[in-house]
């Protein structure tokens with residue numbers, strides 16, 4: 001997993017993938033410190049420890065005004081309204097067409113230039129999608145429950161084209177040297193895909209396994225017909241300077257993973 005310096009421009013680390021020019025996507029870091037071209041006069045986000053300083057989630061005990069301040073910065077960067085989901089590790093994918101949809105969901109898709117889709121993470125895997133035409137994009141929050149339950153397949157079911165016309169990007173998530181799970185997690189994946197065994201290696205204690213969530217996602221995506229898969233190089237647990245990690249810290253903030261289509 002990479003431990004190189006990560007720099008955000010205007011609060012977002014833009015994805016390095018060959019998406020059409022009108023597709024914009026990126027993820028936030030835990031802090032705005034060092035970011036260039038921020039849309040307002042500030043040197044950092046408003047959140048205080050343990051959510052320092054650019055937390056985007058309301059449900060982690062952060063001050064509501066601080067979260068609103070941080071979300072306003074991000075929305076100014078994106079320059080269009082962001083659809084925020086109520087994430088509960090479901091396998092539900094919805095169209096992003098309102099600031100708050102009022103339903104529980106863990107993936108959102110967009111087929112216009114009016115809205116941005118977003119999911120929040122702090123170890124779980126964010127998976128970005130776009131098609132070759134650049135007129136359909138999506139992002140999914142894939143924790144192990146959602147990934148084993150079918151969140152990626154349910155997200156792709158919202159796309160009417162051929163999956164081969166899609167590319168995917170695996171955003172920052174907990175890495176394979178930090179994600180120790182029990183037999184229940186391994187069994188959940190093995191029940192759906194025999195090849196999942198390749199993504200698990202024996203842990204320190206009997207009945208424990210090191211899980212590679214990036215490998216599990218790649219297997220599923222390839223099985224669904226998506227061969228162009230990028231990203232998957234960071235570890236939120238080990239890269240504490242850059243990322244929030246629930247498994248590392250317990251009480252902590254959330255990063256945002258955002259994708260949208262620019263107006264022509």
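The values are calculated or read from the model by the stated rules, or taken from the named source; none is laboratory data. Since the model is a prediction, treat every value here as computed from it, not as a measurement. Backbone-built Cβ (ideal geometry, glycine too); neighbour counts: all protein chains shown.
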Determine, yes or no, whether residue 96 is in contact (Cβ under 8 Å) with a residue 12 or more places away in the chain, surrounded by 24 or more Cβ atoms within 10 Å (Cβ to Cβ) and within 19 Å of residue 263 (Cα to Cα). yes
When restricted to 148, 138, 133, 188, the only residue within 30 Å of residue 77 (Cα to Cα) and not in a loop (DSSP other than H, G, I, E, B) is 138
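Quick one: which of 263, 201 is in contact with a strand residue (DSSP E or B) (Cβ under 8 Å, 6 or more places away or on another chain) and either more than 23 Å from residue 138 (Cβ to Cβ) or part of a loop (DSSP other than H, G, I, E, B) (or both)?
Numbers: 263 fails: in contact with a strand residue (DSSP E or B) (Cβ under 8 Å, 6 or more places away or on another chain).
Unique residue meeting the criteria: 201.
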Filter the range 202-240 for residues that are more than 21 Å from the chain's Cα centre (by Cα) and without any contact (Cβ under 8 Å) to a residue 24 or more places away in the chain and give the result. 202, 203, 205, 206
Only residues that are out of contact with any strand residue (DSSP E or B) (no Cβ under 6 Å at 6 or more places or on another chain), without any contact (Cβ under 8 Å) to a residue 60 or more places away in the chain and surrounded by 15 or more Cβ atoms within 10 Å (Cβ to Cβ): list them for the range 10-38, please. 32, 35, 38
Reported set for the range 79-93 where residues are under 16 Å from the mean Cα position of the chain (by Cα) and under 14 Å from residue 256 (Cβ atoms) is 82, 83, 84, 85, 87
Take residue 153 and tell me if it is assigned to a helix (DSSP H, G or I) and modelled with pLDDT of 95 or more. yes
Name the single residue that is farthest from residue 263 (Cα to Cα) among those in the range 47-62 being assigned to a loop (DSSP other than H, G, I, E, B) and touching a strand residue (DSSP E or B) at 6+ places or on another chain (Cβ under 7 Å). 62
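Quick check: is even one residue across the range 247-261 more than 22 Å from residue 117 (Cβ to Cβ), touching a helix residue (DSSP H, G or I) at 6+ places or on another chain (Cβ under 7 Å) and surrounded by 14 or more Cβ atoms within 10 Å (Cβ to Cβ)?
Of the range 247-261, the ones more than 22 Å from residue 117 (Cβ to Cβ) are 247-252.
Within this subset, residues satisfying the condition of being touching a helix residue (DSSP H, G or I) at 6+ places or on another chain (Cβ under 7 Å) are 252.
From what is left, the residues that are surrounded by 14 or more Cβ atoms within 10 Å (Cβ to Cβ) are 252.
Scanning the range 247-261 turns up at least one residue that is more than 22 Å from residue 117 (Cβ to Cβ), touching a helix residue (DSSP H, G or I) at 6+ places or on another chain (Cβ under 7 Å) and surrounded by 14 or more Cβ atoms within 10 Å (Cβ to Cβ).
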